[in-house]
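Quick notes on the structure that follows.
The values are calculated or read from the model by the stated rules, or taken from the named source; none is laboratory data. Being a predicted model, the structure only gives us computed values, none of them experimental. Quick reminder, even Gly has a Cβ in these numbers, built from the backbone with ideal geometry, and neighbours come from all protein chains shown.
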Amino acid sequence: MDSESTILTLAALAQSTRLDAFRLLVEHEPDGLAAGDIAKALAVPQNTMSSHLAILSRAGLIAATRVSRSIVYRANLTRFQDVVLFMLKDCCGGKPEICAPVMESLAPCCPPAKKRKANV
């Protein structure tokens, strides 16, 4: 990840409809949503949504797959993770104590799932 690709990615998210679309796709992982369903959920005309989805796709934040007559979009969580990690590592400048509060604030939102023991 470099500065240019980070700027492209952040610019794609710096618009309310695109940010809402990306957040909606994250909520619908791993199945994704058809373009028409995204437009309907966000109350955006389909041709306008198509333009927004193209921008998110060029930024690498979403990927499209044709399923029959529909195009299904999915969030590229790896790309999003790369951008966030780039920002944290770059902004901390090799000083982990600067980013420690940010990392600690993320931990409560996403606790790891507990593994269940199989009955033998």
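For Gly94, are the conditions met, namely being in a loop (DSSP other than H, G, I, E, B), closer than 25 Å to Ser3 by Cα and modelled with pLDDT of 95 or more? Show your work before the answer.
Numbers: in a loop (DSSP other than H, G, I, E, B): yes; closer than 25 Å to Ser3 by Cα: yes; modelled with pLDDT of 95 or more: no.
No; evaluated as a whole, the condition is false for this residue.
For the residues Leu56, Leu10, the requirement of being part of a helix (DSSP H, G or I), touching a residue at least 60 places away in the same chain (Cβ under 8 Å) and within 17 Å of the chain's Cα centre (by Cα) singles out Leu10. Could you tell me whether the range 31-38 includes any residue that is under 23 Å from Met103 (Cβ atoms), surrounded by 12 or more Cβ atoms within 10 Å (Cβ to Cβ) and aliphatic (A, V, I, L, M)? Checking the range 31-38: not a single residue is under 23 Å from Met103 (Cβ atoms), surrounded by 12 or more Cβ atoms within 10 Å (Cβ to Cβ) and aliphatic (A, V, I, L, M). Filtering the range 39-69 to residues that are in contact with a strand residue (DSSP E or B) (Cβ under 8 Å, 6 or more places away or on another chain) and surrounded by 13 or more Cβ atoms within 10 Å (Cβ to Cβ) leaves Ala41, Leu53, Leu56, Ser57, Leu61, Ile62, Ala63, Ala64. Selection of the range 8-34 for residues being modelled with pLDDT of 95 or more, farther than 12 Å from Asn76 by Cβ and among the aliphatic types (A, V, I, L, M) yields Leu10, Ala11, Leu13, Ala14, Leu19, Ala21, Leu24, Leu33, Ala34. Being in contact (Cβ under 8 Å) with a residue 40 or more places away in the chain and among the aliphatic types (A, V, I, L, M) is the filter; apply it to the range 22-44 and report the residue that is nearest to Val67 (Cα to Cα). Residue satisfying both the conditions and the ranking: Leu33.
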